[in-house]
Amino acid sequence: MKKPLLMLAPMAGFSDKAMRKICSDMGCDIAVSEMVSAKAIHYKDSKTDTLAELDDIQCSQAIQIFGSDAEIMAEAAEYLCAKYNPDYIDINMGCPVKKISGNGDGAALMKEPVKAAGIVSAVAKSVKTPVSVKIRSGWDDSSKNAPEFAKRMEASGAALITVHGRTKQQMYSLPVDTDIIAEVKKSVSVPVIANGGINSVDDAVNMLNRTGCDGLALARGVIGNPWLFSNIRSYFLGKPLTIPTVKNRIETAEKHLKLEIQNKGELTGVRESKSVIGHYLFGLKGAAFARMKINMSESANEIFEILKFILTENN
């Protein structure tokens, strides 16, 4: 089996610059930003613009945009490419969250393949940057249209397609439909990235065996466990897997927090990193108490002290 392309999937509240830096260092090939609203870019919302900021990291980077107006999507893509020079512009057609899909964006576009194709075509024509598309298996069990949908996206200019093997109605519940991901792979000639339920090296190998895809998009499985990237990479290189020590986990949590503060300032960095920092502690002695204390913390120093306490408790 050939070495797969490894992608950090876009995750609201998680795949920010700090996460992308850490995952890049662990062997990620493409890191995708949090979702960026094309409409908010159109109306010059500075906070939204900040979500798209890229760092100088080792791996390729994609800025993901969402929306359902082809003209505004193309305008946003052109602006973001000119300002940040990403390696890809990724179009979200898979987000199942009500406030996104309920407005006709994200996964709602799976119900409107002609409109979706028009969006991809408009964006692809507006920029020289390769355009990728994130889709789901379909809207619900009665309309799993991902293979036909993917063909339209390729014909409209998509250079890469990521398929989440769940319907919009499933949200993030099991099972993940690997058969339909395999059908998408067979239906197009561009690279296809499989997404959904990849939380271990075994999951990664099984997904590739079942789908024949060119790569994997890792999401919740790497929150607090970015070593999943390096371990999948090691597996395909025939190298031993790494089981992170308690010290590895605490040091990486500290690094993550420092990056958040560096990027966002202490107040925002602390507030927005509490969840991800807590994930590094799962399974350790005293982790539940530590996560509670972290959620109550108001300063970086408090969190660093809690992390030191956990390190001591587990040695």
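For every residue, the table says whether it meets (1) out of contact with any Lys or Arg (no Cβ under 7 Å at 6 or more places or on another chain); (2) aromatic (F, W, Y); (3) surrounded by 24 or more Cβ atoms within 10 Å (Cβ to Cβ); (4) closer than 17 Å to M35 by Cβ.
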{"position": "I89", "(1), (2), (3), (4)": "yes, no, yes, yes"}
{"position": "M93", "(1), (2), (3), (4)": "no, no, yes, yes"}
{"position": "N103", "(1), (2), (3), (4)": "yes, no, no, yes"}
{"position": "K115", "(1), (2), (3), (4)": "yes, no, no, no"}
{"position": "K125", "(1), (2), (3), (4)": "yes, no, no, no"}
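Look at region 117-138 and say how many of its residues are in contact with a strand residue (DSSP E or B) (Cβ under 6 Å, 6 or more places away or on another chain) and either at positive phi or free of Cβ contacts under 8 Å to residues at least 40 places away in the same chain (or both).
The qualifying residues number 3.
Name the pairs: first residue in region 196-215 and closer than 19 Å to G94 by Cβ and touching a residue at least 12 places away in the same chain (Cβ under 8 Å), second residue among the polar types (S, T, N, Q) and in a loop (DSSP other than H, G, I, E, B), Cβ to Cβ under 6 Å, at least 6 apart or on different chains?
Close Cβ pairs (under 6 Å, with a partner that is among the polar types (S, T, N, Q) and in a loop (DSSP other than H, G, I, E, B)) do not exist here.
Within region 256-292, count every residue that is closer than 29 Å to K47 by Cα and either part of a loop (DSSP other than H, G, I, E, B) or not aliphatic (A, V, I, L, M) (or both).
19
Could you check, for region 270-282, whether at least one of its residues is of a type in the set (V, I, T), in contact with a Ser or Thr (Cβ under 8 Å, 6 or more places away or on another chain) and over 30 Å from T178 (Cα atoms)? Steps first, please.
Of region 270-282, the ones of a type in the set (V, I, T) are 270, 276-277.
Those still in the list that are in contact with a Ser or Thr (Cβ under 8 Å, 6 or more places away or on another chain) too: 270.
Narrowing the set further to residues that are over 30 Å from T178 (Cα atoms) leaves 270.
Yes, region 270-282 contains a residue that is of a type in the set (V, I, T), in contact with a Ser or Thr (Cβ under 8 Å, 6 or more places away or on another chain) and over 30 Å from T178 (Cα atoms).
Condition check: under 24 Å from F229 (Cα atoms), touching a helix residue (DSSP H, G or I) at 6+ places or on another chain (Cβ under 7 Å) and either open to solvent by less than 40 Å² (accessible area, probe 1.4 Å) or of a type in the set (A, V, I, L, M, F, W, C) (or both). Does V192 satisfy that?
yes
The values are calculated or read from the model by the stated rules, or taken from the named source; none is laboratory data. Remember, it's a predicted structure, so these values are computed and weren't measured experimentally. Every residue, glycine among them, receives a Cβ derived from its backbone with ideal geometry; neighbour counts consider all protein chains shown. Remember, those area values only see protein heavy atoms, side chains included, never the ligands or the DNA or RNA. Shrake-Rupley method; radii C 1.70, N 1.55, O 1.52, S 1.80 Å.
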